[in-house]
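Chemist: Sharing a structure with you now.
No value in this document is a laboratory result; all are computed from the given coordinates. Just so it is clear, the model here is predicted, and its values are computed rather than measured. Positions of Cβ are backbone-derived with ideal geometry, glycine not excepted, and every protein chain shown enters the neighbour counts.
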Amino acid sequence: MAGPTRCRPSQSPFSYRPSLDAGIAFSVLFGLTLLVSIYFTARRRLWFLSFTLGAALEFAGWISRALAYGKPCSKDIFIAQTVCLILAPALYSAALYILLGVLVQRAPTASSISPRTYLIIFCTADFISLLLQAIGGGMASGAETKPLLDTGTNIIIGGIFAQLAAMVGFTVLAVIFLWHAKKLNVVFDKTVLLLALFATVLIFVRNVFRAIELLGGWNGYLATTERFLIGLDAAPMLLCQTCFCLLGLFDTFARDSSLLHRQRRKEVQEKDALRSSEHSSQTSLRAGA
């Protein structure tokens, strides 16, 4: 890569020169997890497409930041990385909402809300937050005046808070559903639940950081210090991607055994025990006769 263009921090929309090492490292790591998600999607698990698109945005965002090392004053690169990194988590959230819908579909008696209704409610909320962040991100990153910049920033913040509200509602309903499922002796694989929970927490942490960052302004301490972006945005989102990849969500849901294998095995065992008991009772009656 060519040497960095001469550009003072005050001239750069980043307010600093983005790290080349971080840009390359996260580009490679996000790229690898993107390949895994593409593999899942290609296996006709099209509902995983939401997560794959999110992974693609993270990859594009960090490629842009790697390029920004050589062109720190490029407004086009700044806009590209801003929009990509702001929008990606909303697509991850959509994948989690679909996950809840799949779980409800596997145990409909444990929920008073249908899987379709879950998807309509949360995917609509997610789309609205995504739209707000896209509009605000494009407006703020390309703003030539402070009023336009402030307007775009406020729209982004509104979108992030909408996403946070949706995630809180999602978490509450998911906990209620799992509690009812447990009462009905429906047992889901703990690995699936724990990884989904961890991914939810990671997205929540990232969104809280972004909201606080933008409330402080584009020239605030958080927005102009790259290590916060790396530690509270890049790292959580990489771990979130890893959760989905390790989960092997599509194969898991394609094989019901991974989600309800314990419940179904328990049902089979109970039926076998009942048959055995009935057979023993009949044998005893015949012997007594």
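Chemist: According to the Cα gyration tensor, what semi-axes, each the square root of 5 times an eigenvalue, does the equivalent ellipsoid of the stretch 22-71 have, listed from largest to smallest in whole Å?
Modeler: Values for the stretch 22-71, descending: 25, 9, 6 Å.
Chemist: May I ask for the percentage of alpha-carbon pairs in the stretch 71-226 that lie more than 19 Å from each other?
Modeler: 57 percent
Chemist: Right, next: What is the stretch 9-279's relative contact order, in percent, from Cα pairs under 8 angstrom and six or more apart in sequence?
Modeler: The value is 18 percent.
Chemist: Per residue, how big is the convex hull of the stretch 9-279 when only Cα atoms are used? Give it in Å³.
Modeler: It comes to 117 Å³ per residue, whole-number rounded.
Chemist: Report the trypsin sites (Lys or Arg not before Pro) located in the stretch 38-88 that are in a DSSP loop and have at most 10 other Cβ atoms inside 10 Å of their Cβ, or state none.
Modeler: Numbers: sites: R43, R44, R45, R65, K75; in loops: R43, R44, R45.
When the trypsin sites (Lys or Arg not before Pro) of the stretch 38-88 are filtered for loop state and at most 10 Cβ neighbours within 10 Å, R44 remain.
Chemist: Evaluate 2.2 N^0.38 Å with N set to the residue count of the stretch 154-248, then give the Cα radius of gyration divided by it.
Modeler: 1.30
Chemist: Between the stretch 197-238 and the stretch 56-130, what's the alpha-carbon centroid distance in Å?
Modeler: Comparing the Cα centres of the stretch 197-238 and the stretch 56-130, I get a distance of 15 Å.
Chemist: Let me ask another. Residues with beta-carbon under 10 Å from that of L232, excluding L232: net charge, scoring Lys, Arg +1 and Asp, Glu -1?
Modeler: It works out to a net charge of +1.
Chemist: Next up: Rounded to two decimals, what ratio of Rg to Rh does the stretch 1-111 give with C-alpha atoms and a Kirkwood Rh?
Modeler: Reported Rg/Rh (Cα atoms, Kirkwood Rh): 1.15.
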